[in-house]
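Trainee: Got a structure for you, questions after.
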């Protein structure tokens, strides 16, 4: 099996998509938030790779076709954003100050908890980019001197958490305005949270997509300052 | 042909984004440059919505599956993560809650205050 996996051009993508379809089916069947298709597909794919003894590098060789589409897909987020342009213009203050509060909250929370939980500087700066999109977070982690691979994992987990629990968190804080919801999803949980926001509604999705870019830029500017605090 | 043309436009913008990333010394990824470029092109009508809409919406729809490979990467970084697993887990969970809460509450407060001013 491991040999065939190395030769095959399609198996890695097929396994990923079958796992995702299985996740979607489970979610439809049981209507449970925790049964997130992305989370299920990741866990099932890992389980499958471990079972047939295929290492990550081999899998990645075939599956990176999926990752290849990420840049054009992120570029396409400009489309819903443009469709909601009037709404965005009318709410520019809420957008800027909402996202800025989120970014500062992210950095302060990470700083306070890192000190309280006894992390060292390198571990602290590894976590600083955790709320922003992988593409920006990787670069930032490297620049600050963190463990890049852990940053990437934590960013992915953050996104999945938002994807699964985002709606419950919005309910907890009584966030009901579609614009505010979208901003919350995108600022806290980047593109993976945005994928969920897109399913909730057009406005939520557009605002979430916008937040990825804006929160990313704010974080890139502010994180190096926070890195000097501890 | 419709999908091919639309995808080509999105791809070319991604390419321009990549070129900008190579030239400019900022930690901004190609995708974010591309998103800004496409947005400006749409607003200025250089590109019409119909020229990218269908292919773009399709890409957005299948976006979650594009994160599967990086998620599966967890099986490799597990070793480095294990010793600091509990603090990292606590920070990850708490931050998601505080950041969503702060962003949502602040923006909702501004939206509702503006609405009231408009009505009152």
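Trainee: Let me check against my output: what whole-number percent is the relative contact order of chain A, with C-alpha pairs under 8 Å and at least 6 apart? Please list the in-between numbers first.
Mentor: On the way: 294 pairs, mean separation 43.7, N = 230.
Relative CO of chain A lands at 19 percent.
Trainee: May I ask for the distance between the Cα centers of the range A:211-228 and the range A:157-179, given as a whole number of Å?
Mentor: Rounded to whole Å, the Cα centres lie 21 Å apart.
Trainee: Another question, if that's okay. Which of A:67, A:194, A:151 has the fewest other C-beta atoms within 10 Å, and how do the rest follow up to the most? Could the numbers behind the result be given before it?
Mentor: Working: A:67 15, A:194 32, A:151 26.
Result, fewest neighbours first: A:67, A:151, A:194.
Trainee: Here's something else I'd like to know. List residues of the range A:39-80, by number, whose backbone nitrogen lies under 20 Å from a label position 7 Å along Cα→C-beta of residue A:21.
Mentor: A:39-49, A:62-67
Trainee: Would you calculate, for chain B, the mean residue ellipticity at 222 nm contributed by helices, counting each DSSP H stretch of 4 or more residues as -39,500 (n - 2.57) and dividing by all residues, to the nearest 500? Please list the in-between numbers first.
Mentor: On the way: 6 runs with 93 residues, N = 120.
Taken over chain B, the calculation gives -25500 deg cm²/dmol.
Trainee: Something else: Rounded, prolate or oblate: which one fits the range A:78-227, using the alpha carbon gyration tensor with axes a ≥ b ≥ c (rounded when a/c is under 1.5, else prolate when a/b beats b/c, else oblate)? List each step's numbers first, then the result.
Mentor: Details: a/c = 1.90, a/b = 1.76, b/c = 1.08.
Here the range A:78-227 falls in the prolate category.
Trainee: Give the shape of the range B:74-120 as rounded, prolate or oblate, defined through the alpha-carbon gyration tensor: a ≥ b ≥ c are the square roots of its eigenvalues, a/c under 1.5 means rounded, and otherwise the shape is prolate if a/b is larger than b/c and oblate if not. The partial results should precede the final answer.
Mentor: Values: a/c = 9.88, a/b = 4.59, b/c = 2.15.
Cα axes put the range B:74-120 in the prolate bin.
Trainee: Can I ask one more? Quick one: helix A:11-30 against the long Cα principal axis of chain A, what's the angle to the nearest 10°, folded into 0 to 90?
Mentor: Roughly 60 degrees, rounded to the nearest 10.
Trainee: When the Cα centres of the range A:8-81 and the range B:1-72 are compared, how far apart do they sit, in Å?
Mentor: 21
Trainee: Still on this structure: Taking chain A as a Gaussian network, where each spring joins two C-alpha atoms under 10 Å apart, which residue of A:63, A:184, A:73 fluctuates the most?
Mentor: Highest fluctuation of the listed residues: A:73.
Trainee: Among A:225, A:149, which comes first, then next, by fewest other beta-carbon atoms within 10 Å? Don't jump to the answer; show the numbers that get you there.
Mentor: Details: A:225 9, A:149 18.
Going from sparsest to densest Cβ surroundings: A:225, A:149.
Trainee: Another question, then. Starting from the Cα of residue A:4, step 7 Å along the direction of its Cβ; do the same at residue B:12; then give the gap between the two resulting points in nm.
Mentor: 4.3
Trainee: Now for a separate question. Mind checking the mean number of beta-carbon atoms from other chains within 10 Å of the Cβ atoms in A:101-107?
Mentor: On the way: counts 10, 10, 3, 2, 8, 6, 2.
Shielding by partners across A:101-107 averages 6.
Trainee: Give me A:170, B:41 ranked fewest to most by other Cβ atoms within 10 Å of their Cβ, as a rough exposure proxy. Write down the numbers at each step before the final one.
Mentor: Working: A:170 22, B:41 18.
By the 10 Å Cβ count, ascending, the order reads B:41, A:170.
Trainee: If you stretched the chain out fully between residue B:22 and residue B:116, how much longer would it get, using 0.36 nm times the residue separation minus the C-alpha to C-alpha distance?
Mentor: Working: separation 94, 0.36 × 94 = 33.84 nm, distance 4.69 nm.
Full extension of this stretch gives 29.2 nm more.
Trainee: For chain A, with a Gaussian network of springs between Cα atoms less than 10 Å apart, report the residue from A:162, A:62, A:216 with the top mean-square fluctuation.
Mentor: Largest GNM mean-square fluctuation: A:62.
Trainee: A follow-up question, please. In deg cm²/dmol and to the nearest 500, what is the mean residue ellipticity at 222 nm of chain A if only DSSP H runs of at least 4 residues count, each as -39500 (n - 2.57), divided by the residue total?
Mentor: Numbers: 13 runs with 190 residues, N = 230.
Theoretical 222 nm ellipticity from helices: -27000 deg cm²/dmol.
Trainee: Sticking with this structure for a sec: Using a Gaussian network model of chain B whose springs link C-alpha atoms within less than 10 Å, name the residue from B:62, B:32, B:84 with the highest mean-square fluctuation.
Mentor: Highest fluctuation among the options: B:84.
Each value in this text was obtained by applying a stated rule to the coordinates, not by laboratory testing. Small disclaimer: the values here were computed from a predicted structure and weren't measured. Don't worry about glycine lacking a Cβ; one is built from the backbone with ideal geometry, like all the others, and counts go over all protein chains shown.
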